[in-house]
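The values are calculated or read from the model by the stated rules, or taken from the named source; none is laboratory data. Just so it is clear, the model here is predicted, and its values are computed rather than measured. A quick note on method: Cβ atoms are made from the backbone with ideal geometry, for glycine too, and the neighbour counts reach across all protein chains shown. The area values use the complete protein model at the heavy-atom level, side chains included, leaving out ligands, DNA and RNA. Shrake-Rupley method; radii C 1.70, N 1.55, O 1.52, S 1.80 Å.
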Amino acid sequence: MKKFNIRKVLDGLTAASSSSSTSSSATAQPGTARENDAVHETLQSEHFQLCKTVRHGFPYQPSSMAFDPVQKILAVGTQTGALRLFGRAGVECFCQHESGAAVIQLQFLINEGALVSALADDSIHMWNLRQKIPAILHSLKFNRERITYCHLPFQSKWLYIGTERGNIHIVNVESFTLSGYVIMWNKAIELSTKTHPGPVVHISDNPMDEGKLLIGFECGIVVLWDLKSKKADCRYNYDEAIHSVAWHHEGKQFVCSHSDGTLTTWNIRVPAKSAQIITPHGKQPKDGKKPEPCKPILKVEYKTTRVGDPFMVLSGGLSYDTVGRRACLTVMHGKSTAVLEMDYPIVDFLTLCETPYPNDFQEPYAVLVLLEKDLVLIDLGQIGYPIFENPYPLTIHESPVTCCEYFVDCPAELIPALYSVGSRQKRQGYSKKEWPISGGNWGQGTQSYPEIIITGHADGSIKFWDASALMLQVLYKLKTAKVFEKARSKEEKANTDIVEEDPFAIQTLCWCPESRMLCVAGVSAHVIIYRFSKQEVTTEVVQLLEVRMQSEFSNGDSPDPAGEQTPTLPNPGASPSPQESEPPTQPQTGSNSSDGPRDNIACLQVRSSPLKQSPGYQVELVIQLVWVSGEPPQPITSLAINSSYGLVVFGNSNGLAVVDYLQKTLLLNMGTSELYSPSDPYHRQPRSPRKVRQSSGATCDSNDGSNTSEDRCKSPTSGSTSPCNSDDERKQRFIEKVKFKSRRFSKTVANDFAKISRKISSSSEQKTDLAKERSKQWHSLTRKKPTCCLNQVGAAARMTPKGPVCRTESAPNFYAKDNSFTRSRSSSVTSIDRESRESISAFHFCESYPRKTDSVVSPCLLVGTTQGTVVMVALSLPPGVDQRLQQPVGISSCGTMVTLKGGILTMALLDATGALLPPSFESWYDPNSSDEEKEKSRRRRPASPPSSQEGPDAQYAVLCSEKQAKVVAMPSQTRVYKHNITESSFVLRADVVQMAGAYCIACFCANGHIMTLSLPSLRPLLDVNYLPLTDMRIARTFCFSNLGQALYLTSPTEIQRITYSQETCDNRQEMLSELFTPVETPEAPNRGFFKGLFGGGAQSLDREDLFGETGAGKASRSLAQHIPGPAGMEGMKCAASGVVGDLARARIALDERGQKLGELEDRTAAMMASADSFSKHAHDMMLKYKDKKWYQL
């Protein structure tokens, strides 16, 4: 920590004095440092603050729910102690209990803006929902009792709590104190009962008599308890265990559900025998015997209507012979019984009714069903019981999320375009009614920039989400699996698949918002390129390109013992161009016989029939890596696309490949070691070459890394010839190479071992193995004779029934000791191979200076590897649109630019003023539109920004790895700044993002720290220990975006959005939605004249006198412990804001009450005066006629 603090102090001094940094940033050259001082950095530490904003998705592992029928708010509790509250579309809230215990029950204080939660750790909590961030006001922790059931009557402040011992305690929800009134289990059951009745599974009061409490015990006993007399009125016994109880609204009957699948109906005045016993799903025997037992009915609800038959809704109760049948919800209405199958097991359900009063006709209109992974709302008012269209983003987990990307401040027209094509994908048959959960109000946020989240899923689907204004709404869904044929049998599936499950799963994706180009890489080593179109097309043949990528090291090949090796030369008569060669009469296919290993076989079979593509993203090209000599293709680790160049590049542990998706050709296919130039100190040569099977149309190329772009990369359509013309030239080149490497051999090995001595722990082991491997490589190279290899474009493209297929035989330059490094298919994998395998980890298209001597920018590709090497690759693009579609693109490696500790994560370019230089792009145009519209769109393609080279260096390359960050001046390639991000951990995700009008690097480390570094000086601006890496899901989905936004998948079903912007944190209260809105409680049902006259209506109970301290005494202090509300400052602020609002509302209500009291006092005074006057006149009349007889009147 001291070292870090010293760095911060030095950075502060550096910024203040505008001098070169000395600790966390290092100056490479004095001239460069003076130039860097001109870059004015505006970002400071006060611009950053980390906080959570909102959570989207389905609550993970739900356990309970509750609904406020007046506020129209839904609450869902989970097994991890989380609370999710939902109102209208866009109104969501997340809360978390500190203990993390499962939420077993929720109870709303209806229309009071409060919620009571009961947890599995025997604690109950009162949540205040009258503030935007709900907070706990009170908590009560039971010490000697286990909570099993809670019940809060409507408009009551006394909460009934049933326990595992069978006792019932009563809590005042205003003060959260226990009442001295306790219902003991031994007093509730009959004295003759010898066994314990079990836990309390149900508590409810009689809808027509609040003084009568119905208590259900697990053993099957139901007790009607008289609260006033403190004794049991009636007891109802049944042989089977009880799961739930439901009242008829008139309070004369109730229904119980039992463990044998039966429903028993009881009249409260006839406890001896049930009025009715039915088994909804049981088979009724003809001889009148008892039906066969069924599965338990877990819950039943009994709801009445003014017109028509009542509804009885229940879950469970299916017959035991229905093995494998999905969970069902049964709706019984009159004589009809509807069984509704659900996709997932049912957790709980609630029947939504028009009135909150239990003593009135309920008038049910919907059933809300909480499933393990879904929320379903069924319309009871329409025939067939259709479901409502869910407005919440609860389908994130429809298929498991495998990757995620976040784009902030996108082009404004993107969201409408995606919504227009996505609206056609919506299902039909939904209920025509509005979504009934409609409480709350949206936030008044000031952020108006568009935000888009893209999620890739295990089934190959990709979803685009509108994430603007802290909301989330699905825009469009793309199914990539439609491109491939479905496996018809298990044998066919296991034949070539490299993954047992989810062969279409998305591994990584790259999206260009400006051009709307989408590139997707799957786990089956396939890449699909999509274009966006608003018109529907039918693709007769899917364009396919097959690539053969082979490893660098091989244990199957070794140098010839005699030192001789016969070079494999191409057939002199073979045509190097596909245009000149005739297509074969029979399409060549890969070998997959039982005698030999699989070869040239793709993992998935591309669709051969015509593909109808709806408006939206449509397939442009499919690229597949094939099996090589029995070894499966390695998974793709990095991917990039550039719409301006028309190129796609992808890499894995074998190397990289560059594809021209405009010409549908493979431009480059090389191993990682071939990227290095011969004079590169980090150059790693392969072992002995593998003999290559020669194919027609093959070309021969040299392994020399100093080849020009014309020699290194030839398109199959270019008609190029082999640069290897004779054996003499090849031998002479090889001799010169060996001499050069022999001179550098001892120095290289010495440097390697010097590095080893400076490393510790795991890094030392890695470098040791790498040094040994390098020394073996150098020894083997001095003994070899030259071989001519086919590496970049090994075979010409040829037509197959699937379409044009380019089978690339790039085997000789890729050698592997174990080709299945990540798949662990062979036991011969050694630690040396694991540590020394260098994979491609990052790409970045840019316009920069490929070489130190260049003075003009040109298209380039930065390649980053897992060994921390950054290689510059120059791109030569033909000028003009027409020439671009006909002439090949030239590619040449310019060698290593810089090395860092750890694998490369991200790369970017800055101009001389510190502004980001984004990759060039082509503006979007509809590929299916007319040629005139295409030309107009192409004319709008932005030109590359001219480079204003005022000084020796006009650009800065920003490079970030798992351990450190560096800023390199271009074109001199001198290091300007360097910062060691972490020593004990490693960076999982790093991005160069825009923040407050400037740019910085945002990093997320495996130890949970989130950090930001200024650019270009790499000053630490933020370092917060936020979230330790507890699940690889977080590492796979964490991503930063512009304007201080970030997100990650916090659970398999939920996305957590956070912000590291101080401005966003300050405005968060305004941006969040409100849950509670003032609504008048509906009027109580009219008792009617006769019910009021004869006492037939509902009877109230003065619970205060019965449960208060004066009537019931004090409860035992050791029974439960009262815990005050949140102690954190944030909770205190939220609670304070809520209290201030409550006080303001109370003050207004008090003023109104005073005004009404004044008016009442005036009216009372007037009535008193009128009464006095009437009394005086009546007295005078009495005196006047007092002594007169009746006949004198």
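Data for the structure
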item	result
Nearest-10 value in Å² for the accessible area of Met670, using the 1.4 Å probe	0 Å²
Per-q log10 I(q)/I(0), the stretch 317-418, q = 0.09, 0.13, 0.19 Å⁻¹ (Debye; single scatterer per alpha-carbon; no solvent)	-0.38, -0.68, -1.07
Mean separation of Cα contacts under 8 Å, 6 or more apart, over the residue count of the stretch 148-287: relative contact order %	14 percent
Among 649-659, 146-156, the order from most to least packed when residues are scored by Cβ within 10 Å on average	649-659, 146-156
Amide H contacts of Ser643 (H built 1.01 Å from N, under 5 Å, at least 5 apart or other chain)	Glu922
Carbon/sulfur fraction of accessible area - the stretch 165-269, other protein chains in place, 1.4 Å, %	45 percent
Alpha-carbon centroids, the stretch 515-540 and the stretch 65-90: separation in whole Å	39 Å
Per residue solvent-accessible surface (Å²) - the stretch 831-915, probe of 1.4 Å	33 Å²
Largest to smallest accessible area among Arg427, Arg516 [probe 1.4 Å]	Arg427, Arg516
Nonlocal amide H pairs with Gly895, under 5 Å, H built at 1.01 Å	Ser677, Met872
Formal net charge of residues neighbouring Pro62 (Cβ-Cβ distance under 12 Å; K, R +1; D, E -1)	-2
Protein accessible area in the stretch 106-158, 1.4 Å probe - carbon and sulfur %	48 percent
Surface accessible to a 1.4 Å probe, Thr866 within the full protein complex, Å²	50 Å²
Net charge, Cys219 excluded, C-beta distance under 14 Å - Lys, Arg +1, Asp, Glu -1	-3
Given charges at beta-carbon only (K, R positive; D, E negative), |dipole| of the stretch 208-359 in Debye	400 debye
Relative packing of 95-104, 626-635, which averages over residues the other C-beta atoms within 10 Å, highest first	626-635, 95-104
Given Lys72/Lys303; Lys482/Lys534; Lys273/Lys303; Lys212/Lys295; Lys373/Lys477, the pairs whose alpha carbons are separated by over 21 Å	Lys273/Lys303; Lys212/Lys295
Accessible area, probe 1.4 Å, largest first, for residues Glu536, Glu190, Glu41	Glu536, Glu190, Glu41
Solvent-accessible surface (1.4 angstrom probe) belonging to His1122, in square angstrom, nearest 10	80 Å²
Per-residue ³J(HN,Hα) for the stretch 462-478, Karplus 6.51 cos²θ - 1.76 cosθ + 1.60, θ = phi - 60°, Hz, x for Gly and Pro	10, 10, 9, 10, 7, 10, 5, 6, 6, 10, 8, 9, 5, 9, 7, 10, 10
Cα centre as origin, Lys/Arg/Asp/Glu Cβ charges: the stretch 239-286 dipole, Debye	200 debye
Gap separating the Cα centres of the stretch 328-407 and the stretch 95-141, nearest whole Å	24 Å
Net +/- balance of residues flanking Phe86 in space, Cβ distance below 12 Å, scoring K and R +1, D and E -1	+2
The stretch 347-489 - percent of accessible surface contributed by carbon and sulfur, probe 1.4 Å	50 percent
Accessible surface ranking that places the most exposed of Asp926, Asp1172 first, with a 1.4 angstrom probe	Asp1172, Asp926
